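The values are calculated or read from the model by the stated rules, or taken from the named source; none is laboratory data. Keep in mind the model is a prediction, meaning the values are calculated, not measured. Here Cβ is always computed from backbone atoms with ideal geometry, including for glycine, and neighbour counts include all displayed protein chains.
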Amino acid sequence: MTELIEFKLNGKNVKLNVDSDRMLLWVLRTNFGLTGTKYGCGEGFCGACTVIINNEAARSCSTSMKEVKGKEVITIEGLEREGKLHPLQKAFAEKDALQCGYCTPGMIMNAYGLLKKNKKPTYSHIVDAMEDNFCRCSAHKRIVQAVQSASVKMEKEG
Amino acid sequence: MKEDNYLDLDFKEIKTPFEMDRREFVKLMGGGLFILFTVGDTLGYVEAQQRRRGQDLPTDFNAFLRIDEKGEVTCFTGKIEMGQGIITSLAQMLADELDVSLNSVHMIMGDTDLCPWDMGTFGSMSTRFFGPPLRAAGAEARRVLLEMASEKLSVPVDKLNVDNGVVFEKTNKKNKVTYADLTKGKKIEKHLKDKPPLKTPAQFKVMNKSFIHHDAVEKVTGKARYSGDIQLPGMLYAKVVRPPAHGAKLTDADLSEARKIDGVVVVNEGDLVAVLHEYPDVAEKALALVKAKFAPSPSRLNNNNIYEHLLKAAGGGNEIAKAGDLKEGEKNSVHVFDETYYDSYVAHSPIEPHTAVANIEGKKCTVWASTQNPFTAKEEAAKALDTNSENVRIITPFVGGGFGGKTTNLQVIDAVRLAKITGKPVQVAYTRKEEFFYDAFHPAAIIKIKSGLDKNNKMSFWDYNVYYAGERGAAHFYDIPNSSTKVYGAERGTSAEIHPFRTGAWRAPGNNTNTFARECQIDIMAAKAGIDPFEFRMKNFKDPKYREILKAAGDKFGWKPMGKSPTGKGYGIACGSDAGSYVAMIVEVDVNKKTGGVKVKRVVCAQNMGLTINPEGATIQMEGCIMMGLGYALTEEVQFNNGEVLNKNFDSYELPRFSWLPKIETIILDKRNEPPQGGGEPAIITVGAAIANAIYDKVGIRLHKMPLNAESILKALSEKK
Ligand code: FES
Ligand code: FES
């Protein structure tokens with residue numbers, strides 16, 4: 001059913017007339033042109049499409065627009081502040097925690113969700129939280145290191 | 001829609017270099033200094049003869065670089081970046097030879113209109129075959145620029161030096177000129193003919209040093225564009241009706257319900273039935289409404305009967321290595337070992353599925369594609385459109401993983417056909433289900449080895465027969481007086497009558513299978529001989545490079561003579577060679593006897609890859625190989641029945657996850673004076689064998705089939721009791 005859906009996207013209020021059964025992933029990629037959020041499996045298994053909804057990591061391929069109504073959505077494009085990379089983005093780049101980079105936005109957003117809940121995650125907290133995000137290039141070791149190093153930096157910077 | 005940055009370059013209109021005069025090509029490129037060179041990739045040329053269907057191949061040059069009027073360096077190459085990091089390592093080579101900063105080197109990759117022909121990016125060949133001539137071209141450019149500077153500054157060349165793109169007089173640094181000033185308003189074309197002296201390792205400033213990926217910032221901000229991120233005005237997303245099984249033929253399609261959805265465009269042309277819409281998810285919804293009928297697939301193959309079928313279909317073998325006399329060797333044997341090993345069909349599963357966007361304007365068709373071989377895709381697209389290949393341009397944006405799987409380009413063919421039929425730009429992006437269905441899997445394979453030990457516990461003979469894994473890594477490297485290596489069956493290709501679906505190259509094609517069989521057999525013999533598997537190998541290596549590499553791994557691991565396996569420690573070793581590099585791996589595992597689950601706790605991997613251009617990049621590739629290797633070793637196996645691929649998504653096909661992450665320790669030998677070898681694949685070949693040997697060492701069961709999954713471990717444990 002087509003509805004007027006209002007929500008907050010990367011800090012801005014947006015509204016859109018849209019079939020409310022459509023999944024957020026496709027609305028982000030097509031209606032908003034935000035192609036940083038990726039498709040990997042479409043059924044919630046891989047995490048490539050992860051975004052933040054009301055401070056929690058969520059799979060945009062399996063989240064309908066209905067569920068987004070009135071909420072606050074952050075995508076990979078919304079992480080930079082005043083042209084500066086978010087500490088997670090910086091850590092992923094510095095630790096070389098990526099190869100092809102296709103899973104990277106989903107990894108970063110999922111880690112963002114973790115750090116919202118848990119500011120000082122241990123190794124096993126990170127592994128648990130990232131468990132359902134797939135990286136076929138297999139950059140796992142460095143992804144864990146990147147999340148660790150970003151959390152330390154963010155702690156320090158407050 | 002933002003302009004694709006590949007299009008920002010001011011030479012939109014030029015045609016493929018090889019289909020036009022070279023001078024005309026350079027004329028179109030704006031000012032600067034051009035160095036044209038040839039990559040002596042003879043293997044590529046052999047394949048290319050076939051790929052280009054008998055057309056003449058370019059022999060004059062197949063890569064070039066430009067130093068433009070701003071002093072910026074651009075390298076144009078048909079190679080592509082899919083995560084292996086050559087966008088960085090190739091730039092490093094150029095920066096060093098030219099004495100410019102890494103940031104002033106730009107790579108234009110995989111664009112068939114801008115880059116000269118290339119056979120494709122696979123086989124760990126970019127650094128090995130492309131690297132040396134690229135460096136020579138850089139050195140040549142530097143020499144030409146020095147000569148120009150000599151004239152301009154009135155100083156002989158040997159009194160000049162370069163730093164950061166500025167040529168200066170050694171004794172008077174103020175007497176200087178930049179590369180930019182030298183090339184301004186000029187157009188100089190040079191052909192690399194002789195071999196200019198290259199920098200020696202002692203002179204390296206950029207090479208053999210670690211740099212983070214050149215493209216990292218784009219990738220962490222979501223700005224990096226992959227094929228699916230290309231959105232053109234008026235573009236439609238296509239969903240194509242697919243058969244339920246390989247070999248199932250479409251007999252009828254009723255599109256009436258799908259047509260009712262607002263904005264849907266339907267195509268029904270023989271074998272191509274598709275629904276298109278401006279939103280991919282709406283197209284997907286429409287696809288679900290198509291009522292298609294298929295005649296069942298004639299295939300009767302499944303996971304249970306496949307090996308019997310493959311052996312029957314194999315035909316005669318081809319002996320690729322031979323020494324001594326097998327019969328003689330067997331006669332002298334005290335122990336004979338007759339073993340058969342099996343490997344499964346494995347999917348590539350890049351997280352980015354195959355994707356293509358096609359746009360036809362007049363005669364010209366432009367395709368953005370996730371492909372490892374854009375020049376092959378170009379020919380395939382031209383054929384599908386029934387046009388000359390110069391009318392097709394393939395642009396390769398970032399590729400979201402390939403591993404050999406993106407050398408097939410069926411999505412490109414769909415996209416160009418649909419763009420032609422609908423008259424609109426069309427995007428075809430596989431769903432995960434399509435990705436599993438159309439993947440050219442790593443082939444299932446069988447290896448039969450008969451070998452022996454003589455009364456002195458020396459290996460007396462080795463009779464090796466490999467079916468469908470091909471010859472990469474098949475020949476052994478041990479001191480065995482009587483041996484034969486035979487290869488049976490086509491490894492890859494569209495051998496529908498043999499494999500139930502397409503098979504193809506999967507990271508280090510065939511070598512994972514061959515190394516698994518060989519290194520398990522070696523362990524079986526070592527155990528029988530009562531000798532520690534480390535020592536047994538050390539004693540029997542013929543090539544000292546293996547001794548050196550295994551020693552390096554052993555030292556790091558802290559290997560102590562442990563005697564005869566199984567020791568209960570859970571240690572396993574495997575060695576091998578791939579793409580010119582040598583690898584030794586030692587792993588430590590734990591086996592859960594209740595669940596059959598294997599936990600790989602530690603992996604030590606040593607690699608000799610000659611000169612390492614970007615040590616950090618090479619380390620990342622090794623780590624990736626190890627972690628990815630856990631998948632083929634432990635869980636990954638394509639399930640199929642009567643032509644149907646039963647794995648439709650990741651829930652039934654288990655990829656390695658974070659919780660599997662072992663402690664990974666890598667060593668790259670310092671071989672800076674030796675030629676560079678492959679780095680994207682070697683470390684994956686030993687993973688399966690090392691784990692199988694470690695499982696044996698832990699619990700005393702010998703598994704002969706990969707994946708070494710929980711089910712087969714439980715079965716073997718119960719049989720042991
Ligand atoms: S695309 Fe959403 S979880 Fe895979
Ligand atoms: S970097 Fe390629 S899938 Fe993770």
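Can you pull out every residue in the stretch A:116-139 that is closer than 18 Å to residue A:99 by Cα and within 17 Å of the chain's Cα centre (by Cα)?
The answer is A:130, A:133, A:134, A:135.
I'm trying to understand the selection: among the residues of the stretch B:331-353, which are away from chain A (no Cβ under 14 Å), out of contact with any Cys (no Cβ under 7 Å at 6 or more places or on another chain) and not hydrophobic (A, V, I, L, M, F, W, C)?
B:331, B:332, B:333, B:335, B:338, B:339, B:340, B:342, B:343, B:344, B:345
Between B:338, B:281, which is free of Cβ contacts under 8 Å to residues at least 12 places away in the same chain and either part of a strand (DSSP E or B) or of a type outside the set (A, V, I, L, M) (or both)?
B:281
Please count how many residues of the stretch B:442-463 are within 19 Å of residue B:526 (Cα to Cα) and either surrounded by fewer than 24 Cβ atoms within 10 Å (Cβ to Cβ) or among the small types (Gly, Ala, Ser) (or both).
Total satisfying the criteria: 13.
Checking residue A:148 against (1) away from ligand 1 (no atom under 16 Å from the Cβ); (2) within 30 Å of residue B:405 (Cβ to Cβ); (3) modelled with pLDDT of 95 or more, only one condition comes out false. Which one?
(2)
Restricting the search to the stretch A:42-60, which residues are more than 6 Å from ligand 1 (Cβ to nearest atom) and in a loop (DSSP other than H, G, I, E, B)?
Of everything in the stretch A:42-60, those that are more than 6 Å from ligand 1 (Cβ to nearest atom) and in a loop (DSSP other than H, G, I, E, B) turn out to be A:43, A:54, A:55.
Checking the structure you have, find out if any residue of the stretch B:102-120 is of a type in the set (Gly, Ala, Ser), more than 14 Å from every other protein chain (Cβ to nearest Cβ) and not in a loop (DSSP other than H, G, I, E, B).
So far as the stretch B:102-120 goes, yes, one or more of its residues are of a type in the set (Gly, Ala, Ser), more than 14 Å from every other protein chain (Cβ to nearest Cβ) and not in a loop (DSSP other than H, G, I, E, B).
When the residues of the stretch A:82-114 are filtered to those that are part of a helix (DSSP H, G or I), away from ligand 1 (no atom under 16 Å from the Cβ) and facing another protein chain (nearest Cβ under 7 Å), which remaining residue is surrounded by the fewest Cβ atoms within 10 Å (Cβ to Cβ)?
A:94
Given the conditions (1) within 16 Å of ligand 1 (Cβ to nearest atom); (2) touching a strand residue (DSSP E or B) at 6+ places or on another chain (Cβ under 7 Å); (3) more than 9 Å from every other protein chain (Cβ to nearest Cβ), and given that residue A:75 satisfies all but one, which numbered condition is not satisfied?
Status for residue A:75: all satisfied but (3).
Tell me whether the stretch B:639-659 contains one or more residues that are farther than 28 Å from residue B:438 by Cα and surrounded by fewer than 22 Cβ atoms within 10 Å (Cβ to Cβ).
yes
For the stretch B:407-441, which positions are surrounded by fewer than 24 Cβ atoms within 10 Å (Cβ to Cβ), part of a loop (DSSP other than H, G, I, E, B) and of a type outside the set (S, T, N, Q)?
Scanning the stretch B:407-441 gives B:423, B:424, B:425, B:440.
Is at least one residue of the stretch B:305-312 over 36 Å from the mean Cα position of the chain (by Cα) and more than 14 Å from chain A (Cβ to nearest Cβ)?
No: the stretch B:305-312 contains no residue that is over 36 Å from the mean Cα position of the chain (by Cα) and more than 14 Å from chain A (Cβ to nearest Cβ).
Has the stretch A:25-41 got at least one residue that is more than 8 Å from chain B (Cβ to nearest Cβ), within 16 Å of ligand 1 (Cβ to nearest atom) and surrounded by fewer than 22 Cβ atoms within 10 Å (Cβ to Cβ)?
No, that holds for no residue.
Among the candidates A:50, A:63, A:75, single out the residue that is within 13 Å of ligand 2 (Cβ to nearest atom), β-branched (Val, Ile, Thr), farther than 18 Å from residue B:399 by Cα and under 15 Å from the mean Cα position of the chain (by Cα).
Answer to the selection: A:50.
Here's the yes/no breakdown for (1) touching a Ser or Thr at 6+ places or on another chain (Cβ under 9 Å); (2) assigned to a helix (DSSP H, G or I); (3) exposed (fewer than 14 other Cβ atoms within 10 Å of the Cβ):
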| site | (1), (2), (3) |
| --- | --- |
| B:245 | yes, no, no |
| B:253 | no, no, no |
| B:258 | no, yes, no |
| B:261 | no, no, no |
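Return only the number of the condition from (1) assigned by TED's automatic domain parsing to the domain that holds residue B:473; (2) farther than 30 Å from residue B:443 by Cα; (3) of a type in the set (A, V, I, L, M) that residue B:282 does not satisfy.
Going through (1) assigned by TED's automatic domain parsing to the domain that holds residue B:473; (2) farther than 30 Å from residue B:443 by Cα; (3) of a type in the set (A, V, I, L, M) one by one, residue B:282 breaks only (1).
Does residue A:89 count as of a type in the set (S, T, N, Q), within 16 Å of ligand 2 (Cβ to nearest atom) and touching a Lys or Arg at 6+ places or on another chain (Cβ under 8 Å)?
no
Based on what the data block shows, is residue B:162 β-branched (Val, Ile, Thr) and either outside any loop (DSSP other than H, G, I, E, B) or not assigned by TED's automatic domain parsing to the domain that holds residue B:70 (or both)?
Yes, satisfied.
Of (1) part of a strand (DSSP E or B); (2) more than 30 Å from residue B:128 (Cβ to Cβ), residue B:587 satisfies all except one. Which?
Of the numbered conditions (1) part of a strand (DSSP E or B); (2) more than 30 Å from residue B:128 (Cβ to Cβ), the odd one out for residue B:587 is (2).
Just one of the numbered conditions (1) buried (at least 19 other Cβ atoms within 10 Å of the Cβ); (2) under 23 Å from the mean Cα position of the chain (by Cα); (3) modelled with pLDDT of 90 or more is not true of residue B:207; which one?
Condition (3) is where residue B:207 drops out.
Evaluate the stretch B:140-161: report whether one residue or more is without any contact (Cβ under 8 Å) to a residue 40 or more places away in the chain, farther than 20 Å from residue B:33 by Cα and of a type in the set (Ser, Thr, Tyr).
Yes, because at least one residue in the stretch B:140-161 is without any contact (Cβ under 8 Å) to a residue 40 or more places away in the chain, farther than 20 Å from residue B:33 by Cα and of a type in the set (Ser, Thr, Tyr).
For residue A:144, work out the one condition from (1) within 14 Å of ligand 2 (Cβ to nearest atom); (2) part of a loop (DSSP other than H, G, I, E, B) it doesn't fulfil.
Status for residue A:144: all satisfied but (2).
For the stretch B:645-662, state whether one or more residues are within 14 Å of another protein chain (Cβ to nearest Cβ), over 20 Å from residue A:41 (Cα atoms) and not hydrophobic (A, V, I, L, M, F, W, C).
The answer is yes; a qualifying residue exists.
Looking at the stretch B:653-684 only, could you name the residues that are under 22 Å from residue B:512 (Cβ atoms) and of a type in the set (Gly, Ala, Ser)?
Once the filter is applied, which keeps residues that are under 22 Å from residue B:512 (Cβ atoms) and of a type in the set (Gly, Ala, Ser), the stretch B:653-684 yields B:678, B:679, B:680, B:683.
What pairs come up if the first residue lies in the stretch A:119-130 and is under 10 Å from residue A:147 (Cβ atoms), the second is part of a helix (DSSP H, G or I) and of a type in the set (Phe, Trp, Tyr), and their beta carbons are under 9 Å apart, counting only those six or more places apart or on different chains?
Pairs that qualify, where the first residue is under 10 Å from residue A:147 (Cβ atoms) and the partner is part of a helix (DSSP H, G or I) and of a type in the set (Phe, Trp, Tyr), are A:126/B:658; A:127/B:658; A:129/B:658; A:130/B:658.
Within the stretch B:605-617, which residues are within 14 Å of chain A (Cβ to nearest Cβ) and surrounded by 24 or more Cβ atoms within 10 Å (Cβ to Cβ)?
Answer for the stretch B:605-617, where residues must be within 14 Å of chain A (Cβ to nearest Cβ) and surrounded by 24 or more Cβ atoms within 10 Å (Cβ to Cβ): B:605, B:614, B:617.
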